[in-house]
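What follows is calculated from the coordinates using simple rules that are stated; it is not laboratory data. Predicted, not measured: the structure shown is a model, and the values here were computed from it. Glycine also receives a Cβ, built like all others from the backbone with ideal geometry; neighbour counts cover every protein chain displayed.
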Amino acid sequence: GYPALVAAALRNGVRGPFGAYVGQDDKDPETYVLSVYQGGIGMPDRDYYLSDNPKMADTRTAYVAHLQKMLELAGQSDAAARAKAVMAFETEIAKVHWTRVDSRDADKTYNKMTVAQLDASAPGFSFAAAFKANNIPATDVLVAQPSALAGIAKLIGATDLAVLKDQLLLRSLDGFADYLPDAFGKENFAFFGTALSGTPER
């Protein structure tokens, strides 16, 4: 199922609907704990999807064109419609994301719960199944943005599996662009390097 795909992506360094890492417990530094945080968007921040700023609107147009081009390079059919569907999904995710300010708040982002509690709070996606697929024996997890993960899980539950798979495909193509034929690396840099970061040359 989809949680197993997400687990495989995470194992390979491909970003899915959430991120996870093992680190020190902020309130118990002797202990290491699995931290889970919001994911599911391809651009750096929710503002890229939601801001009225004309530059952000231009970036959104460039991003959809980039997604389409990557699908075309991978020999996929219906690339334009599929790119738009992924963008629509990510825009809904951006709406439930926490802002950068809230995500930097050490108290707001310290939410310890069991995996069972996390699953109960976020119907639509089984975190337990994803962790199990990666052999992570997590009992307690630190959740950075609980309402965002709940919102993302609900969106996953309501979204066509084909769109979810396309998103993971696109993350894989972008994540491994430099190891794929050069056209992928050039297209990846054209968006993330030049359009997004203003770096003229690879």
With +1 at each Lys and Arg Cβ and -1 at each Asp and Glu Cβ, the charge dipole magnitude of the chain around its Cα centre, to the nearest 20 debye, comes out at 260 debye
Can you give the FRET efficiency to the nearest 0.05 for ASP105 and ASP178, using r as the Cβ-Cβ distance and R₀ = 41 Å? 0.70
Averaging over all projection directions, find the projected area of the Cα convex hull of the stretch 19-66 and quote it in nm² with one decimal place. 4.6 nm²
I need the helices of the chain that pass two filters: whole DSSP H segments spanning 27 Å or more by Cα along the axis, and mean Kyte-Doolittle score no lower than -1.0. 54-73
Projected onto the charge dipole of the stretch 149-202 (unit charges on the beta-carbon of Lys, Arg, Asp and Glu, signs +1, +1, -1, -1), the Cα from PRO200, ILE152, SER172 with the largest positive-side position is that of ILE152
Mean projection of the alpha-carbon convex hull of the stretch 136-179 over all orientations, in nm²? 4.9 nm²
Using 0.36 nm per residue, how much length does the chain from LYS95 to ASP26 gain when fully extended, once their Cα-Cα distance is taken away? 22.1 nm
With no solvent term and unit scatterers on the alpha-carbon positions of the chain, Debye gives log₁₀ I(q)/I(0) at q = 0.07, 0.13 Å⁻¹ of -0.21, -0.74
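What number, rounded to the nearest 500 deg cm²/dmol, is the helix-based mean residue ellipticity at 222 nm of the chain, given -39500 (n - 2.57) per DSSP H run of at least four residues and division by all its residues?
That comes out to -15500 deg cm²/dmol.
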Loop trypsin sites (Lys or Arg not before Pro), the stretch 54-113 (other Cβ atoms within 10 Å of the site Cβ: 10 or fewer; DSSP): ARG104
